[in-house]
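Enquirer: What follows is a single structure, and I will ask about it in a moment.
Throughout, read-outs are computed from the coordinates displayed, never taken from laboratory work. Source: prediction; values computed, not measured. Cβ coordinates were reconstructed from backbone atoms using ideal geometry, including for glycine residues, and neighbour counts include every protein chain displayed.
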Amino acid sequence: MSDFKPGLEGVVAIQTEIAEPDREGGALRYRGVDIEELVGHVPYEKVWGLLVDESLDSAMPDPEPYEPKSLTGNAPSDLQAETARLSSEWDLKKLVDTEDEEARDDLARLSAQMMSIVAKSAAVADGRGPAPDDVVAQGDTAAEKFLLRWRGEADPRHVKAIDTYWICTAEHGLNASTFTARITASTGADCGAAMSAAVGALSGPLHGGAPARVLPMLDEVARTDDPQGYVKQVLESKGRIMGFGHRVYRAEDPRSRILKRTAKELGSPRFEVAEALEGSALAALRERKPDYVIATNVEFYSAVVLDVAEIPPELTPAMFACARVAGWAAHILEEKRTGRLIRPSARYVGPAARSLSAV
Ligand code: COA
């Protein structure tokens, strides 16, 4: 108990065969495969198969016909509520009462349905109904079908932007939402409960998923055409430049590298401004903290890539959740196989024993 670490930083809480960021090397591997090899070669749904089943022959299926009960157009809360509801709608068994294969199939159904819920919620937010199934069926990949369901059309540039973003952010070790999913799974709850708990954890702005904060910064630099001045002003006012620095990586974030390349390939109108701001920010941060590596993180070019696909900033946490269904599903299954309840300890620092009258 003497080595209490606030925020559990550096505490090894689980062993995993799925993925863990390579802190020094600036690489991210899913089941040992570098994400550089996946992007542009296999679509997201097969990356789901790699993460969950360790196989590229398996993939996340299409969602089965299902009508969410009550969509508000607020995608993160719609997703959390509707995913929790699926536990009873589909009569999902508790993990403690299922075989691995059945749990895996529940996770596949849930993952596909969760993407469909987000697309339908986004359509509601746009003031229209989702596209009919025959329109969606014209799509090839999960990303294309997602856009068809939401908007009734799927621009190939938008499909590529979303597929790349989803692959890059499909899994990232024991982050807060994945830990939440594993804790819930460790109690023997059903997969719907574990997935919806993860969505709740992810909805907080500190858990990434907030490229929304990057776009206003880019707008400001585009307006003033003075990236150095912008950076100087933020740092002098003790502010933080959004999209730089990372708790885990002490090298370039590999996801940022891929997303930057993609933003350029897709001809993002914000690319030039983003690159200018990145250059000024990295130079200033290096000068200020020569002994501490602060590199571009996943948020910065995620914002630019999602902007190419015309994703409204308020939808970005739900887009992140769509990506992360693969990582969550893989971890829930891995947790089930360990079969051990997660229950750490707390150090009590409250009042000493006293009588009720002393309160
Ligand atoms: N802009 C300005 N200064 C930064 C910075 C940034 N983006 N990131 C780190 N620093 C500075 C801090 O001010 C601190 O300086 P100090 O010691 O003089 O106070 C030092 O670097 C260490 O910061 P700390 O927060 O302890 O480092 P960390 O590695 O734990 O931080 C983040 C990780 C992500 C919280 C941090 O880099 C950050 O706030 N980034 C901006 C927000 C962001 O992009 N979030 C999305 C993350 S995916």
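Enquirer: Give the peptides 141-151, 25-35 in descending order of average Cβ contacts within 10 Å, highest first.
Expert: The peptides rank, most packed first, as 141-151, 25-35.
Enquirer: Tyr30's amide H: which non-local residues (gap 5+, or another chain) put their own amide H closer than 5 Å, with H modeled 1.01 Å from N in plane and none for Pro or chain starts?
Expert: Under 5 Å from the amide H of Tyr30 lie the amide H atoms of Ile35, each far enough along the sequence or on another chain.
Enquirer: Moving on. Between Ala137, Ala154, Ala263, find the one with the highest GNM mean-square fluctuation for the chain; connect C-alpha pairs within less than 10 Å.
Expert: The residue with the greatest mean-square fluctuation here is Ala137.
Enquirer: In addition: About the Cα centre of segment 19-106, how large is the charge dipole given +1 on each Lys and Arg Cβ and -1 on each Asp and Glu Cβ? Please answer in debye to the nearest 20. Provide the component values of the computation, followed by the final result.
Expert: Values: 9 positive and 24 negative charges, 75 e Å.
Roughly 360 debye for segment 19-106.
Enquirer: Please list 339-348, 99-108 highest first by mean number of surrounding beta-carbon atoms within 10 Å per residue.
Expert: Details: 339-348: 8.8, 99-108: 17.4.
Order by mean packing, descending: 99-108, 339-348.
Enquirer: Under a point-charge model restricted to the Cβ atoms of Lys and Arg (+1) and Asp and Glu (-1), what is the dipole moment magnitude of segment 144-252 relative to its Cα centre, in debye to the nearest 20? Don't skip to the answer; put the middle values down first.
Expert: Numbers: 13 positive and 12 negative charges, 52 e Å.
Dipole about the Cα centre, nearest 20: 260 debye.
Enquirer: While we're here: Anyone know which of Thr316, Thr338, Thr164 comes out most mobile in the 10 Å Cα GNM of the chain?
Expert: Answer for the Gaussian network model of the chain: Thr338.
Enquirer: If we sort 182-188, 280-286 on the protection proxy, mean other Cβ atoms within 10 Å, highest first, what's the order?
Expert: Values: 182-188: 21.1, 280-286: 18.3.
Answer by packing, highest mean first, reads 182-188, 280-286.
Enquirer: On to the next question. Under 16 Å between alpha carbons: how many lysine pairs meet that in the chain, if sequence neighbours fewer than 8 apart on the same chain are excluded?
Expert: Eligible lysine pairs with Cα atoms under 16 Å apart amount to 11.
Enquirer: Using alpha-carbon positions, what is the distance between the centroids of segment 32-69 and segment 221-251, in Å?
Expert: Here the two parts' Cα centres lie 35 Å apart.
Enquirer: Still on this structure: What are the ³J(HN,Hα) couplings of segment 90-97, residue after residue, when phi is run through the Karplus curve with 6.51, -1.76, 1.60 and θ = phi - 60°? Round to Hz, x for glycine and proline.
Expert: Result, ordered by residue: 9, 6, 5, 7, 4, 4, 5, 9 Hz.
Enquirer: So what's the net charge close to Val248: Lys and Arg +1, Asp and Glu -1, counting the other residues with Cβ under 11 Å from its Cβ?
Expert: After counting each charged neighbour, the total is -2.
Enquirer: Let me have the relative contact order for segment 130-202, percent, based on Cα pairs under 8 Å that are six or more residues apart.
Expert: On the way: 58 pairs, mean separation 15.3, N = 73.
Relative CO of segment 130-202 lands at 21 percent.
Enquirer: Also, I was wondering about something else. Quick one: 3J(HN,Hα) in Hz for segment 142-159, Karplus 6.51/-1.76/1.60 with θ = phi - 60°, rounded, Gly and Pro as x.
Expert: 4, 5, 5, 5, 4, 5, 4, 5, 6, 10, x, 8, 9, 5, x, 5, 5, 4
Enquirer: Note the direction-averaged projected area, equal to a quarter of the hull surface, for the Cα convex hull of segment 260-310, in nm². Mind showing how you got there, number by number?
Expert: Values: hull surface 13.8 nm².
One quarter of the hull surface, i.e. the mean projection, equals 3.5 nm².
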